[in-house]
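> Here's a structure for you.
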Amino acid sequence: MNIVRLKIESTPALLVLKSQKAIQIIEQQPAELNISQPKPELTIIQTPGKLTIDQSQAWEDMDLKNIFKRIEEAAQRGYQDWLAGIARRSQEGDDLMEIENGGNPIAEHAKVNSESPIYEFNIGFIPSPSSVKINYQPGDLKINWKTHKPEIDVKINRPRHDYKPGVIRGEIRQWPSLKIEVIGLQFDEKK
């Protein structure tokens, strides 16, 4: 018995790919930034406090008086003593004019004029309380300020972009082939 066979020989295709990489260059220049900050305006108005201390009364209480004050007091005391002397002599003159009414006005006048005066004194404080006068007027402080917003100037630089696309080339090194051969097939020529 004769068996028919098929003999197939194939050659595959050989494909070679050659590639060239793409080239991409990106450069980004930094942005140009200018910032300026104007100074704030500050105004301070200050009224100082005022402290007044008057201790002239305390100095006078300790008998440490100004010469002008001493002269004024001496003049006032002299004037008062002069008026008291006039009043006393006038009264003594009236008493002597009315001697007929009885009594001994000369002896009484001598007794009154020869006695020392009686001075009264109780607890005393030198200087006297509240002799130092203190007055304080508080100060005033006004603060005014004004701020300014910063001035910002920005210049944006666009990126520089260079691109060269890649290339892929294909080459066939070996073409495909297919060879089919029939084996064992015999043709009968008689038929």
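The values are calculated or read from the model by the stated rules, or taken from the named source; none is laboratory data. From a predicted model like this one, the values you see are computed outputs, not experimental measurements. Cβ sites come from the backbone with ideal geometry, for glycine too, and all protein chains shown count toward neighbours. SASA here: full protein model, heavy atoms, side chains in, ligands and nucleic acids out. Shrake-Rupley method; radii C 1.70, N 1.55, O 1.52, S 1.80 Å.
> Among the residues of the range 113-132, are any part of a helix (DSSP H, G or I) and loosely packed, with under 10 Cβ neighbours inside 10 Å?
Within the range 113-132, one or more residues are part of a helix (DSSP H, G or I) and loosely packed, with under 10 Cβ neighbours inside 10 Å.
> Is it true that Leu42 is among the hydrophobic types (A, V, I, L, M, F, W, C) and either closer than 30 Å to Arg160 by Cβ or not in a strand (DSSP E or B) (or both)?
No.
> Let me confirm something: among Gly170, Gly184, which residue is small (Gly, Ala, Ser) and on the phi > 0 side of the Ramachandran plot?
Gly184
> For Ala75, only one of the following conditions fails: (1) part of a strand (DSSP E or B); (2) more than 30 Å from Ile172 (Cβ to Cβ). What is its number?
Only one criterion in (1) part of a strand (DSSP E or B); (2) more than 30 Å from Ile172 (Cβ to Cβ) is unmet by Ala75, namely (1).
> Contact list please: Cβ distance under 7 Å, first residue in the range 45-64 and in a loop (DSSP other than H, G, I, E, B), second residue among the aliphatic types (A, V, I, L, M) and surrounded by 10 or more Cβ atoms within 10 Å (Cβ to Cβ), pairs at least six apart or on different chains.
Going by the 7 Å Cβ cut-off, the qualifying pairs are Gln55/Val132.
> Could you look through the range 142-167, keep only residues that are open to solvent by 100 Å² or more (accessible area, probe 1.4 Å), within 39 Å of the chain's Cα centre (by Cα) and of a type outside the set (Phe, Trp, Tyr), and pick out the one that is farthest from Lys50 (Cα to Cα)?
Here the residue is Ile156.
> Moving on to the next point. Please specify each residue of the range 9-50 satisfying the condition of being surrounded by fewer than 10 Cβ atoms within 10 Å (Cβ to Cβ), in contact with a strand residue (DSSP E or B) (Cβ under 7 Å, 6 or more places away or on another chain) and of a type outside the set (Gly, Ala, Ser).
Glu9, Leu17, Lys18, Ile25, Ile26, Glu27, Asn34, Ile35, Pro40, Thr43, Ile44, Ile45
> Could you list, in sequence order, all residues of the range 94-110 that are assigned to a helix (DSSP H, G or I) and surrounded by 10 or more Cβ atoms within 10 Å (Cβ to Cβ)?
Asp94, Asp95, Leu96, Met97, Ile99, Pro105, Ile106, Glu108, His109, Ala110
> In addition: As an exercise: evaluate Ile71 against (1) under 30 Å from Gly139 (Cα atoms); (2) aliphatic (A, V, I, L, M); (3) without any contact (Cβ under 8 Å) to a residue 60 or more places away in the chain and give the number of the one condition it does not meet.
In the conditions (1) under 30 Å from Gly139 (Cα atoms); (2) aliphatic (A, V, I, L, M); (3) without any contact (Cβ under 8 Å) to a residue 60 or more places away in the chain, Ile71 misses (1) alone.
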